[in-house]
Amino acid sequence: MTKQLQFDLTRLAPPVDETDLAQLLTILNSAPDWLKAKTLTQMTSFDDRKLRAIASASRGQIISGQRGYRLTRHATIEEIDRCYSALISQSNAMTERALQIQRVYHGHQGVRS
């Protein structure tokens, strides 16, 4: 018998307040380059999920990518373009998945297993 992994898909992103954002903005402002998530988690009480939530709530002030986190105003045009392209690609992939799920749902309306 195989055991299935259980994931809690109902978990919401952690809450972010202005203090969290100010703390990360201050750290990134003093950094000469990108900071990895691991470095930031060691410097703060934030875990990876919280860092992503803060970047998301930063109103465009923080970009992220393979290299870590950086203030948008300190990034090069190429770095900003790379982040923008990655976010648009993720958005398109999520939209396509949502449409596929909706098609399956509408194709099975009235059929319950």
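Per-structure values
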| read-out | value |
| --- | --- |
| Residue check for residue 54: part of a helix (DSSP H, G or I) and crowded, with 17+ Cβ neighbours inside 10 Å | yes |
| Number of the condition not met by residue 104 [criteria: (1) touching a Leu at 6+ places or on another chain (Cβ under 6 Å); (2) farther than 23 Å from residue 14 by Cα] | (1) |
| Test: residue in segment 69-92 that is surrounded by 15 or more Cβ atoms within 10 Å (Cβ to Cβ), modelled with pLDDT of 95 or more, small (Gly, Ala, Ser) and not in a loop (DSSP other than H, G, I, E, B) | no |
| Residue among 55, 93 that is aliphatic (A, V, I, L, M) and either in the same structural domain as residue 26 (by TED's automatic domain parsing) or within 19 Å of residue 19 (Cβ to Cβ) (or both) | 55 |
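Residue-wise test of (1) within 19 Å of residue 80 (Cα to Cα); (2) more than 15 Å from the chain's Cα centre (by Cα); (3) of a type in the set (Ser, Thr, Tyr).
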{"position": "19", "(1), (2), (3)": "no, yes, yes"}
{"position": "22", "(1), (2), (3)": "no, yes, no"}
{"position": "26", "(1), (2), (3)": "no, yes, yes"}
{"position": "31", "(1), (2), (3)": "yes, yes, no"}
{"position": "39", "(1), (2), (3)": "no, yes, yes"}
{"position": "42", "(1), (2), (3)": "no, yes, no"}
{"position": "45", "(1), (2), (3)": "no, yes, yes"}
{"position": "51", "(1), (2), (3)": "yes, no, no"}
{"position": "56", "(1), (2), (3)": "yes, no, yes"}
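The values are calculated or read from the model by the stated rules, or taken from the named source; none is laboratory data. These numbers come from a predicted model, not from an experiment. For neighbour counting, all protein chains shown are included, and Cβ atoms are generated from backbone atoms with ideal geometry for every residue, glycine included.
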